[in-house]
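First the structure, in the form of structure tokens, and then the observations on it.
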Amino acid sequence: MEPFHLVNAQTSKMPYKISIDKPKVKPGETVEIGIDGPYKGLIVEVRKGNKASGNFVLNKTENYFQTINCHGIKKSGLTHKNSAVKSNKTFLWRAPTVPGTYVVVVTIAKDGLIFWTKKPTETITVV
């Protein structure tokens, strides 16, 4: 979740709003995660402790984002495909089978010089 940029990450509060459509789900159910903008780059994981868990579900026709494998778990991360400006996007995350508390963690880049890394945001409980 550390981008390869030539400057250090911002230490200020990030100016982006991360939202979820429901804070509590059963294993296998999906949560819609929303991220406002504008921004150019993004990495999202939903973590239990320090490990990504669950997986993201994207349409095959998605032009701006792709799933990535994190911590050995297929499609447990989401990142951008290009540096086009993006705004107000939503994504589906499928909850894992293990109950517990999960945190949406984001790295988001306004551009190549201004970005925030590994910011914990919303909490999702799998029951």
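Site pair LEU58 and THR101 shows an inter-label distance of 3.0 nm when each label is modelled 7 Å from Cα along Cα→Cβ.
For segment 48-62 and segment 67-114, what is the separation of their Cα centres, given in Å? Spelled out, the Cα-based centre of one part sits 6 Å from the other. Counting only protein heavy atoms, what percent of the accessible surface of the chain is carbon or sulfur at a 1.4 Å probe? Answer for the chain: carbon and sulfur cover 51 percent of the accessible area. Placing dummy labels 7 Å off each Cα toward the beta-carbon, the span from ASN69 to LEU113 is 3.8 nm. Entry comment: accessible area of the chain is 56 Å² per residue, from protein heavy atoms only and a probe of 1.4 Å.
The values are calculated or read from the model by the stated rules, or taken from the named source; none is laboratory data. On a predicted model such as this, the values are computed, not experimentally measured, just so you know. Counting neighbours? That spans all protein chains shown, and the Cβs are built from the backbone with ideal geometry, glycine included. The protein model used for the area step is the full one, side chains on, heavy atoms only, and it has no ligands, DNA or RNA in it. Shrake-Rupley method; radii C 1.70, N 1.55, O 1.52, S 1.80 Å.
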